[in-house]
Every structure is written in structure tokens, then in C-alpha cells.
Amino acid sequence: MGRAFEYRKERKMKRWGNMSRVFTRIGKELTIAAKSGGPDPENNPRLRAVIQMARAENMPKDNIERAIKRAIEKDQSEYKEVVYEGYGPHGIAFLVETATDNTMRTVANIRSYFNKFGGSLGTSGSVEFMFERKCMFKVKAKEGMDIENMELELIDFGGEEIFADGDEVMIYGGFESYGAIQKYIEEQGLELLSGGFERIPTAELKELLPEQRTELEKLIERFEEDDDVQNVYHNMK
């Protein structure tokens, strides 16, 4: 197994708070995807993948349509994707991905969370080099699926790592291979549950004492409670 498998095993993201926060986060992803690639899912692979994720989370159809419509309404404020970098306590590196319509509010909040827990907000590039951005897809496992054969086939589409995770199959590839891998998944008739991007640490994860880990988990929880935050990445084991 590769680094993506090991990182996912350690990280095992908990469910995003309550349902309202889940829908807020997915709604922003729908709007951003529609804004960047157009509101027609047939011609926008990223939007198709986010719609599948929304359906898997039982997001109402009206919410999905409203989020997509927001991307083409001129009177609506735009979401900006901004990544913040910094260090938490005990030298743990953090990348915090946000989608915000008010960057001044967001940066002030992110800085305050770092400061409260003894960390510090860094400058652009201070941490990002420690992570590698990958595209990631989650598909439904089906009877008779040959993981090893799929991995060989996906090499030609930019796939780098594939593994089973319960009744789901995770596929990781290079950032630039998103469209090619999604096309493979759809042509194979696989049930796509979600698609997006993750950041995988390039070095070994840092081991902490239990009490130190608890301290870091409180910081992570504070980040994830912020409505502007989409994803939080770190190099803590």
C-alpha cells in the first residue's frame, strides 16, 4: 500500500458536523465547480462528481439546483478558494482550505484559531511544499471487482493508487489526471460516490504523545466548525 492508503487510515475523516454544515460545504463546492466549468453537469466532470457526493449525503434536489444557480447569478457574491498555511503546537504543519465571500473575516478567524492554541499563521508557501495535491475518487465496490487489474488499467489514465475501504474503493492519481480518471470510472459503469482533491504529506507523519494529540485535535475541531473551512490537512500521525 502507498502513502495515500496510510494517510487515509490514520486520518479517517469524521463526518462534517451536523447536516446543515454538510450541506453548506457541499453547496459551496457545487457553486465553485459550476462557476469554473459551467452549470451543465454533462460538460463539467467536476460538477458531476460533486453532485454525486451531494446525492450520497442525501442533499435535497432543490439545494443542489440552488447552489448551481448561484454560480450564474450576477447579484450573488462569489466564493473565493483560499488556502491558509501555518503551524499548530508541537510543530505540526497545517493546510486549511477555505471557500469564502469575505477573505478579511476568514483570515482573521484562521489566525485567531492558530493563536489560541499556541500556533501561528504562516506565509504562502511556508507549508504547502510538505504536501502533494492528488485527485481522489470514491466508487462503490461491486461483486467480482478486480482491484489489481483496475490499478493496472488506471496507470494509463494517471492513476497511482487504488485500494478497498470497506464497501468502497478509493482511487488516487495526479492532480492533473482528474478528468481522465473520472472518464475511466464512468466508461466502466462504476458507481461514483464522490470526487475531489486531497493533500497527502510527502514525509513521514509526526508521532505525538496522547495529551499532545488531544491538544491538536481541539484545534482541528475548531477549524472544522468554521463555515468558511472546506478541508483541513496536517502531518500529525
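The values are calculated or read from the model by the stated rules, or taken from the named source; none is laboratory data. The structure presented is a predicted model; accordingly, all values stated were derived computationally and were not measured. Cβ placement follows ideal geometry from the backbone for every residue including glycine, while neighbour counts extend to all protein chains displayed. With ligands, DNA and RNA removed, areas are computed over all heavy atoms of the protein, side chains included. Shrake-Rupley method; radii C 1.70, N 1.55, O 1.52, S 1.80 Å.
Within the accessible area of region 40-79, what % is carbon and sulfur when the probe is 1.4 Å and the other protein chains stay in place?
Accessible surface attributable to carbon and sulfur in region 40-79 totals 42 percent.
What is the gain in length, in nm to one decimal, between M104 and S126 on full extension, counting 0.36 nm per residue of separation less the C-alpha to C-alpha distance?
That pair, M104 and S126, stretches by 5.9 nm at full extension.
If I compute solvent accessible area with a 1.4 Å probe over the protein chains, what percent of it on region 121-237 is carbon and sulfur?
Carbon with sulfur: 47 percent of the solvent-accessible area.
Cα gyration tensor of region 189-237, axes a ≥ b ≥ c as square roots of the eigenvalues: rounded (a/c below 1.5), prolate (a/b > b/c) or oblate? Spell out each step's value before the answer.
Details: a/c = 2.70, a/b = 1.53, b/c = 1.76.
Oblate shape, in that a/c is at least 1.5 and b/c is the bigger or equal ratio.
In nm, give the distance between the simple-model label positions of F117 and A203, each being 7 Å from the Cα along the Cα-to-Cβ direction.
Rounded to a tenth, the inter-label distance reads 2.0 nm.
Using helices alone, what [θ] at 222 nm do you get for the chain, with -39,500 (n - 2.57) per DSSP H run of 4 or more residues, divided over all residues and rounded to the nearest 500?
-13000 deg cm²/dmol
With a 1.4 Å probe and every protein chain left in place, work out the accessible area per residue of region 151-237 in Å², rounded to a whole number.
Computed with neighbouring chains in place, this is 48 Å² per residue.
To the nearest 0.05, what FRET efficiency results for E73 and K142 with a Förster distance of 35 Å applied to their C-beta separation?
The computed FRET efficiency comes out at 0.35.
Which of the GluC sites (Glu not before Pro) found in region 142-197 are loop residues per DSSP with 15 or fewer other Cβ atoms within 10 Å of their Cβ? Walk me through the numbers on the way to the answer.
Working: sites: E143, E148, E151, E153, E160, E161, E168, E176, E186, E187, E191; in loops: E143, E191.
The qualifying sites are E143, E191.
Any chance you could list the semi-axes, whole Å, largest first, of the equivalent ellipsoid that the Cα gyration tensor gives for region 62-135, using √(5λ)?
Details: eigenvalues 173, 45, 21 Å².
Value: 29, 15, 10 Å, ordered largest first.
Take S126, S20 and sort them by solvent-accessible surface of the protein heavy atoms, 1.4 Å probe, largest at the top.
S20, S126
Leaving out same-chain residues fewer than 8 places away, which aspartates and glutamates sit with a Cα under 15 Å from that of K218?
List returned: D226.
With all distinct Cα pairs included, what does the Kirkwood hydrodynamic radius of the chain come out to in Å, to one decimal, could you say? Walk me through the intermediate numbers first.
Numbers: mean 1/r = 0.0531 Å⁻¹.
Computed over Cα pairs of the chain, the Kirkwood hydrodynamic radius comes out at 18.8 Å.
How much accessible area per residue does region 21-102 have, in Å², with a 1.4 Å probe?
Values: 3990 Å² over 82 residues.
Accessible area per residue: 49 Å².
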